[in-house]
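**Q** Dropping a structure here in structure tokens format, bear with me for questions.
The values are calculated or read from the model by the stated rules, or taken from the named source; none is laboratory data. Since the structure is predicted, the reported quantities are computational estimates derived from the model, not experimental observations. Cβ coordinates were reconstructed from backbone atoms using ideal geometry, including for glycine residues, and neighbour counts include every protein chain displayed. Areas reflect the complete protein model, heavy atoms only, side chains present, ligands, DNA and RNA absent. Shrake-Rupley method; radii C 1.70, N 1.55, O 1.52, S 1.80 Å.
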Amino acid sequence: MMSLKVISRLLDYPSEELWQHRDELITALEQADELPFTRVVQLMMFVREYLNDDLLDMQAQYCELFDRGRATSLLLFEHVHGESRDRGQAMVDLMAQYQQQGLQIDCRELPDHLPIYLEYLTALAPNQTREGLNDIAPILALLGERLKQRQSRFGMLFDLLLELSDTAIETSQLSDKVASEARDDTPEALDAVWEEEQVKFFADEKTCGSEVSAHQQRFANAVVPQYLNLDAGYNAGVQK
């Protein structure tokens, strides 16, 4: 699916290579037939407008949008497993799926980074691609609504992903749900997370052992998002 491949590029961290290949993206979309013509035109307009903006400004906006808080994280398992131990095994299983297709990650992103997962789906048969999108449709719907309520242009891309998935998911109740959520990307919210997760290096003898143990357990399977991947080229992500 060419439109899916283009969307995966657009959801990745803005790079100079992407800006240089803007015309190629438009040319590729002229051959895409997975979406209705009007939707393809919308995607072309997105490409023209987005890649016509200043690259450095878009990099800053991308980090503000996807790298602050967890609500709009593009790490899929963040929305499924959080910091639980299940997340580590889910990563291993997903890597095994990639390897079965002869694919390997050639950048520093985690395997559940949405652009990488979307690129993996483009290597599958069309029915398998739709199934793969359907598997994450609830996450796509939630992310899309959160982005719309933050007045982000990226919200439209998630509408297209849901359309490509041919999902039957009901999204009518999401607007009120998301509107009632507390934002987790404000300075106050980020400070609260920092205070919660900080390590108390200096503790008395009675509490030191228990506190270190709790910290180790909490972060035993934690992962560090690598959004600012400047080494990955235009074709980086997964390679065959």
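**Q** When the distances between all Cα atoms of segment 69-136 are binned every 5 Å from zero, what whole-number percent does each bin get?
**A** Percent of Cα pairs in each bin: 3, 16, 27, 28, 18, 7, 1.
**Q** Just the number please: accessible area per residue for segment 46-182, 1.4 Å probe, all protein chains included, in Å².
**A** 47
**Q** Further question: Which ³J(HN,Hα) values, rounded to whole Hz and listed in residue order, are derived for segment 63-73 from phi using the Karplus coefficients 6.51, -1.76 and 1.60 in 6.51 cos²θ - 1.76 cosθ + 1.60 with θ = phi - 60°, glycine and proline given as x?
**A** Going residue by residue, I get 5, 4, 7, 9, 10, 10, x, 10, 4, 10, 4 Hz, with x marking Gly and Pro.
**Q** Accessible area of segment 65-133 with a 1.4 Å probe: how many percent of it is carbon plus sulfur?
**A** 45
**Q** Now for a separate question. Over segment 21-116, what relative contact order in percent results from Cα pairs under 8 Å that are six or more residues apart?
**A** Relative CO of segment 21-116 lands at 22 percent.
**Q** Right, here's the next one. At 1.4 Å probe size, with no ligands or nucleic acids counted, give the accessible surface of residue 91 in Å², nearest ten.
**A** 20
**Q** So what are the ³J(HN,Hα) numbers for segment 13-22, from phi and the Karplus equation (6.51, -1.76, 1.60; θ = phi - 60°), rounded to whole Hz, Gly and Pro as x?
**A** Values per residue, Gly and Pro as x: 4, x, 10, 4, 4, 5, 5, 5, 9, 4 Hz.
**Q** Okay, moving on. Heavy atoms only, probe 1.4 angstrom, no DNA, RNA or ligands counted: give me 130, 87 ranked by accessible area, highest first.
**A** Sorted descending by solvent-accessible area, the residues read 130, 87.
**Q** Let me ask something else about it. Using alpha carbon coordinates only, what is the Rg to Rh ratio of segment 4-96, with Rh defined as the Kirkwood radius?
**A** Ratio value, two decimals: 1.05.
**Q** If packing is taken as the mean number of other Cβ atoms within 10 Å per residue, what is the order of 160-168, 45-53, highest first?
**A** By packing density, highest mean first, the sequence is 160-168, 45-53.
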